[in-house]
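The values are calculated or read from the model by the stated rules, or taken from the named source; none is laboratory data. Given the structure is predicted, the values throughout are model-derived calculations rather than measurements. Ideal geometry is used to build each Cβ from the backbone, glycine not excepted, and the neighbour counts take in all protein chains shown. In case anyone asks, the SASA skips ligands and DNA or RNA and just uses the protein heavy atoms, side chains included. Shrake-Rupley method; radii C 1.70, N 1.55, O 1.52, S 1.80 Å.
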Amino acid sequence: MSDAPLFKRIAVIGAGSYGTSLAIHLARRGVGIVLWGRNGESLLAMGEARENEDYLPGCKFPVGLKVEPSLAKAVAGAEHVLLAVPSHALGDVTREIKPLLRESQGIISACKGLEPETGRLVHEVIGEGAGRTRRLAVISGPTFAKEVGQGLPTAVTVASTDVDFGEAVVNALHFGGFRAYYVPDVVGVEIGGAVKNVLAIGVGIADGLGLGANTRAALITRGLAEIMRLGEALGGERDTFMGLAGLGDLVLTCTDDQSRNRRTGLLLAKGKTLDEAQAEIRQVVEGVRVAPEVLRLAQRYNVDMPITHQVVEVLAGRTTPLDALRTLATRPARHESE
């Protein structure tokens, strides 16, 4: 993989915390980066300060990272395009960039979640919006944006059905303390990245209620079983869920308070309403948006996901955090493999 030529220039579409952190990392690697975001004023401020003061204060932009307020110019000057936008905005963004793309440009996705209302996976949304034959790679794994921006050791999975493109993306990312690993299982990687956010809300609720380390470990382990059941039903590979994009990302998101999803659960357990919790966090909480889509997907494929179900009930206001955990704790006994 180290023999793959380094990308010359990438347009990073999405100037939130994760998009900015990947832009910083890739620029450190020596890739020319053009960063675009929807908010022109914020981009201008980033360009002047040479950092994203709103989302990644203190993480200075390398020399090779430029901001570009014009989407057309950002895409036109890039060898490939990296999408780092919330899942609910992905469809609109891919349709917007489709007429700007050249045939040679591949897409690298750092999006996690499912499309609202349809429940489609990230690669399906990108395929419809930007062309199904276009080369695509998906980045996922246990990554907090702040730590990536700070250059702390990190490991991710890169999934692509195009081995050459996938390995080229691995080569672009694999630098310093940042390790990247290739797998062909796009579906498995995307399911892991979407469902773990929902489960982290559930773990946050349990921790907020003071239910202890035993409960936390049980929810993470049984949550992984839910990810595996749904992922395999959709064609994902079991080994993927035991790796960085499955177990790794789940543990990270469930156990550290940098996770917006975990913090949402903590706030709900303390009696905050969902609106109050989201207002306090002040950023998109993917698990809130994706939870009902995950449950609908599970029901469509006849997959049992009791933790996900209770998280959806709490978010919808149909049960209390305490009653949700009581329901889970009193489920009938069964084989662990079920």
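Data for the structure
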quantity: Computed E for Arg300/Leu322 - FRET, C-beta separation, R0 25 angstrom, nearest 0.05; calculated: 0.25
quantity: Sites Lys272 and Arg9, calculated FRET efficiency, Cβ-Cβ separation with R0 51 Å, nearest 0.05; calculated: 0.70
quantity: Total lysine pairs under 23 Å (Cα atoms) in the chain, excluding pairs fewer than 8 apart on one chain; calculated: 14
quantity: Cα gyration tensor category, rounded, prolate or oblate, for the stretch 67-187 with a/c compared to 1.5; calculated: rounded
quantity: Trypsin sites (Lys or Arg not before Pro) within the stretch 1-46, DSSP loop, no more than 16 other Cβ atoms inside 10 Å; calculated: Lys8, Arg38
quantity: Mean projected area (nm²) of the alpha-carbon convex hull when the stretch 197-301 is viewed from all directions; calculated: 6.5 nm²
quantity: Residues Glu103 and Gln258, FRET efficiency given R0 of 30 Å [Cβ-Cβ distance, rounded to 0.05]; calculated: 0.15
quantity: Whole-percent carbon and sulfur share, accessible surface of the chain, 1.4 Å; calculated: 51 percent
quantity: Cut-off under 5 Å, modelled amide H: who pairs with Ala155 long-range; calculated: Arg179
quantity: Tail beyond 39 Å, pair distance distribution of the chain (Cα, percent); calculated: 11 percent
quantity: The stretch 1-73 and the stretch 129-145: distance between their alpha carbon centers, rounded to Å; calculated: 17 Å
quantity: Rounded if a/c under 1.5, otherwise prolate or oblate - the stretch 15-136, Cα gyration tensor axes; calculated: prolate
quantity: Label point 7 Å beyond Cα of Asn39 along Cβ direction - residues of the stretch 251-293 with amide nitrogen under 17 Å; calculated: 278-286
quantity: Contour excess over end-to-end distance, with Cα ends at Thr161 and Glu237 and 0.36 nm allotted per residue; calculated: 26.0 nm
quantity: Between 0 and 90°, nearest 10: helix 286-300 axis offset from the chain longest Cα axis; calculated: 70 degrees
quantity: Amide H contacts of Val12 (H built 1.01 Å from N, under 5 Å, at least 5 apart or other chain); calculated: Val34, Leu35, Trp36, Leu82
quantity: Rounded accessible area per residue of the stretch 224-331, 1.4 Å, Å²; calculated: 47 Å²
quantity: Gain upon complete extension [Lys73, Arg179; 0.36 nm per residue less C-alpha separation]; calculated: 35.1 nm
quantity: Percent RCO, i.e. relative contact order, over the stretch 192-338, from Cα pairs under 8 Å lying at least 6 residues apart; calculated: 32 percent
quantity: Relative contact order %, the chain, counting alpha carbon pairs below 8 Å whose residues are six or more apart; calculated: 15 percent
